[in-house]
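Let me begin by presenting the structure, written as structure tokens, before commenting on it.
A short reminder: the numbers here are calculations on the coordinates, not readings from a lab. Keep in mind the model is a prediction, meaning the values are calculated, not measured. Note: ideal-geometry Cβ built from the backbone for every residue, glycine included; neighbour counts use all protein chains shown.
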Amino acid sequence: MAWGWRSVFVAGLFLGAGGTAQAQQTPAERAREAAAMINAAGFRIQGNQILNGCGRPAQPRPSAVDMNGDGRPEAVITDVDPGCYGPAGQQFWVIRKQGPFNWTLVGGGVGRIRLLETRTNGWRDYSLEGPGCQRTWTYQGAQGYLSLKACPGEGGARPPAAATTPAPPAGGAADRAAALRAGGFKPTRGKYLACDPRQEVEVEIRDLNGDGRPDAVINDFGLECFGNTGQGYTLVTKEASGAWRKLYQSHGIPDFQTTRGIGGWPDIVNGGPGFCFPVLRWNGSDYAIVRWKAEQPGACAGRR
């Protein structure tokens with residue numbers, strides 16, 4: 001494993017992983033521990049660089065905070081990149097050590113974290129630095145940190161920074177065409193055909209993560225591509241630079257929830273045939289299963 005990527009991050013590992021035990025690790029083990037932390041926060045390693053969720057070189061910095069009072073520190077990782085994180089300019093992730101070389105994401109957000117003295121389920125609550133009302137995130141067990149109460153006048157379905165964010169444009173022809181290109185769709189005689197060529201894909205322009213810029217949900221149809229569900233979807237987002245980028249693609253029928261993951265992206269119930277559906281949460285680089293939703297009692301028995 002290359003040591004060129006961010007020796008400052010590896011040095012910060014003494015904070016994030018517990019100093020004495022960490023000092024007993026070999027250099028290779030310290031690098032492996034650092035890689036586990038980086039991956040848990042949604043970054044990826046490419047060569048000797050760390051890349052953030054926008055695919056841009058990053059310098060994430062870890063700090064140790066005992067969030068749950070057990071005497072062992074969790075890690076709060078911050079990354080500053082206005083080109084990736086919009087007006088706030090930075091993002092943070094809260095990760096928890098589960099074992100050697102094993103870290104999991106439990107919280108995060110866009111902006112600067114402000115730790116509170118209050119606790120929920122034994123874990124410290126947090127909010128964001130900034131003027132006016134800011135939401136509070138509380139620890140909800142297996143679901144990690146959630147913001148369950150909106151600021152006055154904000155509306156429960158919006159992330160904390162959205163109260164002062166202008167509504168995104170409705171999405172003209174140029175935006176729709178750019179979103180479709182970013183999603184990998186090409187026109188055929190002026191039409192964007194679905195997997196089933198008797199149909200066209202459907203494009204819905206909306207602000208999914210509350211950053212004031214439009215996103216697009218592109219629904220595709222066809223049994224040949226998507227089996228019995230008959231549908232798939234692609235999420236694309238418009239960045240601060242004006243470029244559109246594909247965020248996520250999946251089989252299924254998306255049902256967007258009010259609970260949210262990193263960056264304000266909404267959780268998705270991935271619908272389809274049956275009575276047990278995965279609930280997906282954005283971790284900074286991908287939508288991953290965080291729990292299961294049963295439409296009938298016992299439908300998700302045995303799921304974890």
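What size of dipole, in debye to the nearest 20, comes out for the chain about its Cα centre when the only charges are +1 on Lys and Arg C-beta atoms and -1 on Asp and Glu C-beta atoms?
With only Lys, Arg, Asp and Glu charged at Cβ, the dipole is about 300 debye.
Give the calculated FRET efficiency between Arg198 and Thr258 to the nearest 0.05, with a Förster radius of 51 Å applied to their Cβ-Cβ distance.
0.90
Taking other Cβ within 10 Å of each residue's Cβ, how do Val110, Val80, Val94 sort, fewest first?
Val80, Val110, Val94
Rounded to the nearest Å, what's the spacing between the alpha carbon centres of region 67-83 and region 122-137? Just the number, please.
14 Å
Note down the nm distance, to one decimal, between modelled labels 7 Å out along Cα→Cβ at Ser241 and at Gln25.
Rounded to a tenth, the inter-label distance reads 3.3 nm.
Out of these labelled values of Rg and Dmax of the Cα atoms in Å, (1) 20.4, 66; (2) 23.6, 76; (3) 23.7, 79, which was calculated from the coordinates shown here?
(1)
Tell me, what HN-Hα J-couplings in whole Hz come from the Karplus equation 6.51 cos²θ - 1.76 cosθ + 1.60 at θ = phi - 60° for each residue of region 295-300, using x for Gly and Pro?
So the Karplus estimates, Gly and Pro as x, are 8, 9, x, x, 5, 9 Hz.
Estimate the FRET efficiency between Cys151 and Ala288 by the formula 1/(1 + (r/R0)^6), using the beta-carbon distance for r and 22 Å for R0, to the nearest 0.05.
Calculated transfer efficiency: 0.20.
Which FRET efficiency value, to the nearest 0.05, is calculated for Asn219 and Glu129 with the Förster distance at 35 angstrom and r the Cβ-Cβ distance?
In this case the efficiency is close to 0.40.
Mean separation of Cα pairs under 8 Å and 6+ residues apart, divided by the residue count of region 30-147: what relative contact order is that in percent?
In percent, rounded to a whole number, it is 17.
What residues have an amide H closer than 5 Å to that of Thr120, excluding those fewer than 5 places away on the same chain, when H is modeled at 1.01 Å from N in the peptide plane?
Asp125, Tyr139
Any idea how far apart Ala173 and Arg56 come out in nm if each label point goes 7 Å out from Cα toward Cβ?
3.2 nm
Before anything else, pin down the relative contact order of the chain: Cα pairs under 8 Å, at least 6 apart, normalised by residue count, whole percent.
Across the chain, relative contact order equals 11 percent.
Using a 10 Å cut-off around each Cβ, can you sort Glu129, Glu74 from fewest to most neighbouring Cβ atoms?
Lowest to highest Cβ neighbour count: Glu129, Glu74.
Step through the residues of region 121-135 one at a time and calculate ³J(HN,Hα) from phi using the Karplus curve (6.51 cos²θ - 1.76 cosθ + 1.60, θ = phi - 60°), rounding each to whole Hz and writing x for Gly and Pro.
Whole-Hz 3J(HN,Hα) from phi for region 121-135: 6, x, 9, 5, 6, 9, 9, 10, 5, x, x, x, 6, 10, 5.
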